[in-house]
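Undergrad: Next up is a structure, given as structure tokens.
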Amino acid sequence: MNLSDLTRNANMLRGSLRKHGYMRWWHSFSGVSVDSGDTRTFFVEFFIMNPALGRKRPVLGQHPYYKKRGMKPSYVMMNVGVFPDEKGNPGKQLHAFYPISALQATNSPLIMQVDDCIYREDRISGYVEVTPEEARHRSYMTDAGYMHWDLEVQKAVSCHTGFFSGKLAEFFNILESYWHGEGIRSFFRGSVILDGEEFEVLPELSYGYADKHWGRNFNSPWLQLNCANLISTRTGQELRHSALALNGCCPRFLFFPLRRKLMIQLTYTGEDFVFTRCKFDTKETSKRFIWHILGQTKTAVIKISGSCTKDQMMHLKYENPNAQVSKLPLLAGANGIGGIKLYRITPEGKELLDTLELHNLFCEYRAE
């Protein structure tokens, strides 16, 4: 439901997750080049891995020294970059690693700082530079380049996942990964400089998104869709305070995985529709991925279709808390398209409320 919960967004890892867990605060948004007028979609992520295992230096799980000794990764990572665009400009992912001791944080409200990178609920800023020499180290999992960002953030629509990310769920370890969408519709204002090119970020054109994931492992399969650029075919207007967020989860009983689930929230002109009984299908062609999702409650039905071309997706690189890197790539893109049919169930049957066009659809996908 559309309910802000800053305590959940600020919550740090507890218990066994401190030695076997991760947290990631994700932000994505669009900006317009001051010189060319081209639009690019950027991402800024604060990532913390196995904080109780911290040493004087960041422990990189893919580094030969630590890998040989079977050491789990432990670090603060800034993961920033830009997605491929429709004009053929490639994506870029930049990683900067810091020891856990370099992190300064408070949680009421949440403020984090590592080096020049600062996170606040209403502002993010920082600078990351990776030299070509550093990028040649496979353990860094990074490209070369630099990015500077300074942005105000207004989180207008939230997705509160309720029990699925509550303290009780964490205590019994019912999920591999937990999710809280504090800003599934966010407005960003400020600037980004990527490799010398300046981009202006305007609230109405940023189509911003901000959320948090944490847990002991990543979801498999990994499927996440979100969109803040929805157009109603009923009115022909863009829905300014509406948003779609879809995220997968991997429930389990004791140590046994159960059937994969999806959770969907569509905030439509001020009304929240939440679906946890969902089916989805993924189709892969030579040029694109296509998803079809069906969700249903006692009062509503949602049908979602979305797709993204492979040449506008990039391979996001992560290792899990056990220092494992999946053999299957995590592909992500920010220029997907799609549509929604939203129905309300009445005593007379299904009533079509609206058909929505999805633009600038963010897609993350990795097969099981």
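Undergrad: When you check residue 145 against the structure, is it at pLDDT 95 or above and either touching an Asp or Glu at 6+ places or on another chain (Cβ under 7 Å) or of a type in the set (A, V, I, L, M, F, W, C) (or both), yes or no? Spell out the reasoning first.
TA: Values: at pLDDT 95 or above: yes; either touching an Asp or Glu at 6+ places or on another chain (Cβ under 7 Å) or of a type in the set (A, V, I, L, M, F, W, C) (or both): yes.
It is true that residue 145 is at pLDDT 95 or above and either touching an Asp or Glu at 6+ places or on another chain (Cβ under 7 Å) or of a type in the set (A, V, I, L, M, F, W, C) (or both).
Undergrad: Here's another thing I want to ask about it. Go through the range 25-51 and report how many residues are under 19 Å from residue 12 (Cβ atoms) and touching an Asp or Glu at 6+ places or on another chain (Cβ under 9 Å). Write out each step before concluding.
TA: Within the range 25-51, the first condition is being under 19 Å from residue 12 (Cβ atoms), and the residues that meet it are 25-27, 45-51.
Restricting the remaining residues to those that are touching an Asp or Glu at 6+ places or on another chain (Cβ under 9 Å) gives 25-27, 49.
The total comes to 4.
Undergrad: From the list 44, 128, pick out the single residue that is part of a strand (DSSP E or B), in contact (Cβ under 8 Å) with a residue 12 or more places away in the chain and either touching a helix residue (DSSP H, G or I) at 6+ places or on another chain (Cβ under 7 Å) or buried (at least 23 other Cβ atoms within 10 Å of the Cβ) (or both). Step through it out loud before you land on a result.
TA: Working: 128 fails: either touching a helix residue (DSSP H, G or I) at 6+ places or on another chain (Cβ under 7 Å) or buried (at least 23 other Cβ atoms within 10 Å of the Cβ) (or both).
Only one candidate qualifies: 44.
Undergrad: To continue, here is another question. Can you tell me how many residues within the range 5-41 are in a helix (DSSP H, G or I), open to solvent by less than 10 Å² (accessible area, probe 1.4 Å) and not aliphatic (A, V, I, L, M)?
TA: Result for the range 5-41: 1.
Undergrad: Residue check: is residue 179 modelled with pLDDT under 95 and crowded, with 21+ Cβ neighbours inside 10 Å? It would help to see each step written out before you state the result.
TA: On the way: modelled with pLDDT under 95: yes; crowded, with 21+ Cβ neighbours inside 10 Å: yes.
For residue 179, the condition - modelled with pLDDT under 95 and crowded, with 21+ Cβ neighbours inside 10 Å - is met.
Undergrad: Could you please give the count of residues in the range 313-324 that are more than 18 Å from residue 78 (Cα to Cα) and either modelled with pLDDT under 95 or surrounded by fewer than 20 Cβ atoms within 10 Å (Cβ to Cβ) (or both)? Don't jump to the end; show me each part of the working.
TA: Of the range 313-324, the ones more than 18 Å from residue 78 (Cα to Cα) are 313, 322, 324.
Okay, now just the ones that are also either modelled with pLDDT under 95 or surrounded by fewer than 20 Cβ atoms within 10 Å (Cβ to Cβ) (or both), so 322, 324.
So the count comes out to 2.
Undergrad: Something else now. Quickly run through the range 301-313 and pick out the residues that are outside any strand (DSSP E or B) and out of contact with any Asp or Glu (no Cβ under 7 Å at 6 or more places or on another chain).
TA: First pass over the range 301-313, keeping only residues outside any strand (DSSP E or B): 310-313.
Matches in the range 301-313: 310, 311, 313.
Undergrad: Considering only residues that are farther than 26 Å from residue 158 by Cβ and not aliphatic (A, V, I, L, M), look in the range 47-58 and name the one that is surrounded by the fewest Cβ atoms within 10 Å (Cβ to Cβ).
TA: Of the residues in the range 47-58, the ones farther than 26 Å from residue 158 by Cβ are 50, 52-58.
Remaining after also requiring not aliphatic (A, V, I, L, M): 50, 54-58.
Working: 50: 24, 54: 21, 55: 13, 56: 9, 57: 13, 58: 21.
Restricting to residues being farther than 26 Å from residue 158 by Cβ and not aliphatic (A, V, I, L, M), the top hit is 56.
Undergrad: Picking from 72, 87, which residue would you name as being among the basic types (Lys, Arg) and either closer than 22 Å to residue 321 by Cα or open to solvent by less than 60 Å² (accessible area, probe 1.4 Å) (or both)? Break it down into steps so the answer makes sense when it comes.
TA: Working: 87 fails: either closer than 22 Å to residue 321 by Cα or open to solvent by less than 60 Å² (accessible area, probe 1.4 Å) (or both).
Going through 72, 87 in turn, the sole match is 72.
The values are calculated or read from the model by the stated rules, or taken from the named source; none is laboratory data. What you see is a predicted model, and the numbers here were worked out from it, not measured in a lab. Don't worry about glycine lacking a Cβ; one is built from the backbone with ideal geometry, like all the others, and counts go over all protein chains shown. Accessible surface is based on the protein model in full, side chains and every heavy atom, while ligands, DNA and RNA are left aside. Shrake-Rupley method; radii C 1.70, N 1.55, O 1.52, S 1.80 Å.
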